[in-house]
1. Which of the residues that make up the range 166-178 are touching a residue at least 24 places away in the same chain (Cβ under 8 Å) and of a type outside the set (Asp, Glu)?
2. On the basis of being surrounded by 15 or more Cβ atoms within 10 Å (Cβ to Cβ), of a type outside the set (A, V, I, L, M, F, W, C) and out of contact with any Lys or Arg (no Cβ under 8 Å at 6 or more places or on another chain), does Gln203 make the cut?
3. Pick from Gln169, Gln75, Gln104: which is modelled with pLDDT under 75, in contact with a helix residue (DSSP H, G or I) (Cβ under 7 Å, 6 or more places away or on another chain) and more than 30 Å from Ser41 (Cβ to Cβ)?
4. If I filter the range 184-202 for residues that are assigned by TED's automatic domain parsing to the domain that holds Val33, in contact (Cβ under 8 Å) with a residue 24 or more places away in the chain and part of a helix (DSSP H, G or I), do I get at least one hit?
5. Among the residues of the range 31-64, what is the count of those that are closer than 18 Å to Gln144 by Cα and either assigned to a helix (DSSP H, G or I) or free of Cβ contacts under 8 Å to residues at least 12 places away in the same chain (or both)?
6. Being under 30 Å from Tyr220 (Cβ atoms) and charged (D, E, K, R) is the filter here; which residues of the range 18-67 pass it?
7. Name, by its number, the condition in (1) among the aliphatic types (A, V, I, L, M); (2) surrounded by 16 or more Cβ atoms within 10 Å (Cβ to Cβ); (3) free of Cβ contacts under 8 Å to residues at least 12 places away in the same chain that does not hold for Leu152.
Amino acid sequence: VSHKGFDVQDVSLTIDSASLIYNDTDVIFNTAVANLPEIKSAEIGVERSAIAIEIAKGNYYPSLSFGAGLGTSYQHNQGSKDVRPVVDPNTNAVVFVPNGFGKQLEDNLGYNLGFSLNIPIFNRFQTKSGVAKAQINHEIASLQLQDKQVKLRETIEKAYADAKASLNQYISADKSLLAQNESFKNAQVSYDNGAMTSFDFDQVRNRLVNAQSSLANAKYNFVFRTKLLEYYLGIPIVLE
C-alpha cells in the first residue's frame, strides 16, 4: 500500500496465529547474551583483563633472555692487509694478490652470543602496583559486563511486557470489530426499513470504521513488538 511517498506492507496475521514465542523471557535473554556483539565484546574485555593480571604477576619472577648475532667487517678495498701469497706459474715467483669477496667474508665473519638474567629484587612495589592496577581493571571490566547484562535483561523484560500487552490489545480490538460488524448489520437493516435516521446510521458506521482502524493499529503494533523479541532471539526480521 503506497502512502505519501512510502510503502506500507500488509502483514498476514489472524487472531488465531497471534501468539508470543515463549511464555517467559529466560530463553530470550540467554540467547541474546550468547549472540549480541556488545555482550560478546564486554566478555572479551573481561577475559583480556584476566590475562593482564597473570602477565603482571610474571614480573615477580626472574627472567632469562638469550641473544645471538652474526656479522662481517668486509670492505670492498681493504688494502695490503687483505692479500695472500700465490706462485706465478709463468715465473715461479711468489706474488701477493688481494683476497676475493668470499675469502674476505670468511676471514671477517663475527659471532656473538649473549644471555641476560633479570632478578627482580628492588622493584617489588612496582610489580605489586602493576598487579593491583590489573586487578582493578579486571573488576571494572566485570562490572561493565554485569551492567550490560542487567540493562539487556531490563530491555527484554520491557519488550516482552509490551508485546504481551499488544497481544491483549489486538485480541480486544478483534472482539470489538466483531461486535461493531454485527451492530452495523443490524443498523443497516433498521436504516433500510426506515427505523433509523441517517445521523444514527452514520454514528454506527463511524464506530465500525474506528474499530477497523483500531484493529489495524493493534495488529501492526503487535507485529512490531514481536519482531523486536525475534531480534533478541537472533531471528532475521522478515515481514510476511
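1. Ser166, Leu167, Gln169, Tyr170, Ile171, Ser172, Ala173, Ser176, Leu177
2. no
3. Just one listed residue meets the conditions, Gln104.
4. Yes: one or more hits.
5. 21
6. Answer for the range 18-67, where residues must be under 30 Å from Tyr220 (Cβ atoms) and charged (D, E, K, R): Asp24, Asp26, Glu38.
7. (3)
The values are calculated or read from the model by the stated rules, or taken from the named source; none is laboratory data. None of the values given here were measured: they were computed from a predicted structure. Neighbour counts run over all protein chains shown; Cβ positions are idealised from the backbone, glycine included.
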